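First the structure, in the form of structure tokens, and then the observations on it.
What follows is calculated from the coordinates using simple rules that are stated; it is not laboratory data. Quick caveat: nothing in here was measured; it's all calculated off a predicted structure.
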Amino acid sequence: MENIKFRVWDRSRKVMYKDISLDRAYLQKDVYGDMFVLIFLKIYNNANNKFERIEVSNFEILLWTGKKDRNGNEIYEGDIVKHKSGAIGEVVWDSRRVGFYIHKLVKTEEPFEFYLNGEPNFEWEDLEVVGNIYEIAQGR
């Protein structure tokens, strides 16, 4: 079984943690004492060899799709991808379908839909990661 990979976008610091390992998650009982809620994560940032604490209200966890683009880059939730036809979309997790799909963002001259009749109309290897919705919003 392959490891579950993810990235973390820290909303307050406007930083994407890409090369990380989860050290531990800190939970606390809710106000009614019925269930546990996530308070913060302690991650190990492999890029700078440091442990960091990220408050739950300040981060987004972005799952790896398990796929790579045509350049060998891992494709994550929140990535902006470009199809060889020129169509551009965002990789999104769909909890109803329990899987990833690509939400088309830009219309192209050549008609192309990522999904036809609910089925994928693309190969992951036909995609290229061109950014992600978080860093693009920050002008990076």
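The figures follow:
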| item | result |
| --- | --- |
| Of Lys29/Lys68; Lys42/Lys84; Lys5/Lys42; Lys42/Lys104; Lys18/Lys82, pairs whose Cα-Cα distance is over 27 Å | Lys29/Lys68; Lys42/Lys84; Lys42/Lys104 |
| Kirkwood-based Rg to Rh ratio, the range 53-103, C-alpha trace | 1.04 |
| Linear extension gain, Lys67 paired with Glu125, 0.36 nm per residue minus alpha-carbon span | 20.0 nm |
